[in-house]
Amino acid sequence: MSRNERAVAAVLICLLHLALFAPFAGDEGGPVETDFHPEAEAIEEGAKPYSGQDLEYPPLSIPVIVGPALVSEGLGGYATAFHWEMIGFDLAIVLMLALSLAGGRREVLGSLAVYTLGVV
């Protein structure tokens, strides 16, 4: 599969993912409201990570959880920032698969299809 074909596949799959996920950016329910936002706010206000919190998470996820709180205000802003952060990670994974996966057309397109089905 040529570089141009890989780039076209990457752009098309990224556009598909944006169409699927962007409409939900900012939804305030689920773990964003009950787990991530309260933990991020607590850490931002000076609490020690893991201290007095029910949420268990790997240590390297702290910047991912706290980052959106640093650039937003309130639950709505946090939810929007967090979702766009996750969309950014998703698009980066699509680009890595499309542009760096060894193999031909079948392997690259197959991996993009499996990944897309998995996240949907």
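Inspection of segment 37-51 identifies no residue that is closer than 26 Å to residue 120 by Cβ, surrounded by 12 or more Cβ atoms within 10 Å (Cβ to Cβ), of a type in the set (D, E, K, R) and in contact with a helix residue (DSSP H, G or I) (Cβ under 9 Å, 6 or more places away or on another chain). Within segment 1-28, being of a type outside the set (Phe, Trp, Tyr) and closer than 16 Å to residue 81 by Cβ holds for 22, 25, 26, 27, 28. Name every residue in segment 61-120 that is over 21 Å from residue 27 (Cβ atoms) and not in a helix (DSSP H, G or I), in order of residue number. Answer for segment 61-120, where residues must be over 21 Å from residue 27 (Cβ atoms) and not in a helix (DSSP H, G or I): 101, 102, 103, 104. Taking the listed residues 117, 97, the one that is under 17 Å from residue 21 (Cβ atoms), of a type outside the set (D, E, K, R), over 11 Å from the mean Cα position of the chain (by Cα) and crowded, with 17+ Cβ neighbours inside 10 Å is 97, with no other qualifying. Consider segment 46-84 and keep the residues that are touching a Pro at 6+ places or on another chain (Cβ under 6 Å) and modelled with pLDDT of 90 or more. The one that is farthest from residue 108 (Cα to Cα) is 78. Taking segment 27-36 as the range and being more than 13 Å from the chain's Cα centre (by Cα), open to solvent by less than 80 Å² (accessible area, probe 1.4 Å) and not acidic (Asp, Glu) as the test, the residues that pass are 29, 30, 31, 36. Among residues of segment 1-26 being in contact with a His (Cβ under 8 Å, 6 or more places away or on another chain) and assigned to a helix (DSSP H, G or I), the one that is most open to solvent (accessible area, probe 1.4 Å) is 24. The listed residues are 72, 51, 2, and the only one of them that is under 25 Å from residue 95 (Cα atoms) and without any contact (Cβ under 8 Å) to a residue 12 or more places away in the chain turns out to be 2.
The values are calculated or read from the model by the stated rules, or taken from the named source; none is laboratory data. Because the structure is a prediction, the values reported are computed rather than measured. Here Cβ is always computed from backbone atoms with ideal geometry, including for glycine, and neighbour counts include all displayed protein chains. The accessibility values were calculated without ligands, DNA or RNA, using every heavy atom of the protein model including side chains. Shrake-Rupley method; radii C 1.70, N 1.55, O 1.52, S 1.80 Å.
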